[in-house]
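Since the structure comes first, as structure tokens, the remarks are kept for the end.
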Amino acid sequence: MASLSVPPVLTPPRDDAVALHKAFKGFGCDSTTVTNILAHRDSAQRALILHEYKAIYHQDLYHRLATELSGNHKNAMLLWVLDPVGRDATILNQALNGDITDLRAATEVICSRTPSQLQIMKQTYRARFGCYLEHDITERTYGDHQKLLLAYLGVRRNEGPEVDPSAVTDDARELYQAGEKRVGTDERAFIRIFSERSWAHMVSVANAYQHMYARSLEKFGLLTILRCADTPAKYFAKVLHKAMKGLGTSNAALTRVAVTRTEVDMKYIKAEYHNKYKGSLAEAIHSETSGNYRTFLLSLVGWDR
């Protein structure tokens with residue numbers, strides 16, 4: 001369930017565009033107005049605001065925001081105003097082409113999206129950045145991790161809930177034989193099964209593996225796929241907790257999860273966070289962030305009621 005809070009009576013997109021333009025005028029930017037508008041509009045409404053802004057002022061609102069805002073607030077807002085597919089493509093491009101390759105972010109985006117979402121996202125990546133996603137993955141990753149990402153992007157998996165119990169048993173047995181039963185792991189078997197099977201199937205395989213061998217399949221890695229297949233809210237709650245744990249905050253991870261899950265399942269993530277870590281996600285964000293960035297994230301995530 002989404003956490004996005006939208007006014008019961010919406011301002012027309014043209015009026016929002018005018019209000020944003022006024023917020024940019026003068027000395028400094030009225031960041032409060034920018035957040036109050038954009039953090040409380042859904043994806044379709046934000047797209048209309050961007051369209052109206054360009055029609056009125058002959059400027060791209062995305063680029064205007066980039067010049068008016070700064071720091072983590074700017075980074076988060078620029079991702080937020082993109083459509084979901086364009087946002088995923090941008091996160092992947094940043095993860096793969098930054099000074100340091102962020103494999104965790106790339107794996108999270110690729111392995112937590114459905115096959116149909118991935119197909120559209122690959123097309124968007126090509127159109128936006130002028131190269132194939134697979135090319136950038138090949139250039140910036142290596143080994144079995146590279147093979148998994150490429151396989152996951154290239155295979156069209158079933159998205160439905162149907163599960164064949166006999167196929168589940170066969171896969172659990174094959175994974176055991178490819179892993180714990182032998183010296184060294186046959187990574188090819190793991191990559192093939194994890195990339196070709198549906199989420200519903202993999203949840204059943206993990207359960208069957210536990211029942212048949214009294215061991216957890218998670219110990220072999222590929223955790224993002226398993227955890228997103230089983231309980232995505234629990235997975236993202238853990239990502240958020242890790243981003244804010246200890247000294248310093250991983251603002252990239254915090255921003256990524258906040259902007260990509262607010263319109264999807266953030267209420268479930270907040271519940272999982274509270275159950276697992278015995279605290280409020282909103283209070284943790286409030287404690288670990290500051291200024292306009294804090295205000296924006298809390299506008300998306302929402303305070304617990």
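Once C-alpha pairs closer than 8 Å and six or more residues apart are averaged by separation and normalised to the residue number of region 77-158, the relative contact order reads 31 percent. Within a straight-line Cα-Cα reach of under 17 Å, Lys147 can be paired with the following aspartates and glutamates, leaving aside sequence neighbours fewer than 8 residues apart in one chain: Asp102, Glu108, Glu134, Asp136, Glu139, Asp186, Glu187, Glu196.
In terms of overall dimensions, region 226-276 has a Cα radius of gyration and Dmax of 10.5, 31 angstrom.
Diagonalising the gyration tensor over the Cα atoms of region 248-299 and scaling each eigenvalue by 5 before taking the square root yields semi-axes of 17, 14, 10 Å, largest first. Legend: residue pairs Lys74/Lys267; Lys54/Lys267; Lys122/Lys267, Cα-Cα distance threshold 31 Å; pairs beyond threshold, Lys54/Lys267. As a calculated quantity, the FRET efficiency between Tyr132 and Arg215 at R0 = 51 Å, using C-beta atoms, amounts to about 0.85.
Bridging of Lys270 to lysines at a Cα separation below 22 Å is possible for Lys234, Lys238, Lys242, Lys245, Lys278, once same-chain residues fewer than 8 apart are set aside. These residues, Glu159, Glu288, Glu108, go from largest to smallest accessible area, 1.4 Å probe, as Glu159, Glu288, Glu108.
Given a 1.4 Å probe and every protein chain left where it sits, what share in percent of the accessible area of region 170-305 is carbon and sulfur? Walk me through the numbers before you get to the answer.
Numbers: 3200 of 6670 Å².
Ligands and nucleic acids excluded, carbon and sulfur give 48 percent.
With 0.36 nm allotted per residue and the present C-alpha distance subtracted, the Tyr57-Ser287 stretch has 79.0 nm of extension available. Bridgeable lysines around Lys181 (alpha carbons under 16 Å apart, same-chain partners fewer than 8 residues away excluded): Lys219.
Here the accessible area of region 1-87 is 57 percent carbon and sulfur, with a 1.4 angstrom probe and all protein chains present. Calculated accessible area for the chain comes out at 50 Å² per residue, all protein chains present (probe 1.4 Å; ligands, DNA, RNA ignored). Computed with a 1.4 Å probe on the full set of protein chains, the accessible area for Asp42 sits at about 50 Å². Please work out whether region 77-125 counts as rounded, prolate or oblate from its C-alpha gyration tensor, where a ≥ b ≥ c are the square roots of the eigenvalues and a/c under 1.5 means rounded, while otherwise a/b larger than b/c means prolate and anything else oblate? Oblate, because a/c is 1.5 or more while a/b does not exceed b/c.
The values are calculated or read from the model by the stated rules, or taken from the named source; none is laboratory data. Everything quoted here is computed from the prediction, not taken from an experiment. When we count neighbours, we look across all protein chains shown, and the Cβ atoms used for this are built from the backbone with ideal geometry, even at glycine. Heavy atoms of the whole protein, side chains included, go into the accessibility calculation; ligands, DNA and RNA do not. Shrake-Rupley method; radii C 1.70, N 1.55, O 1.52, S 1.80 Å.
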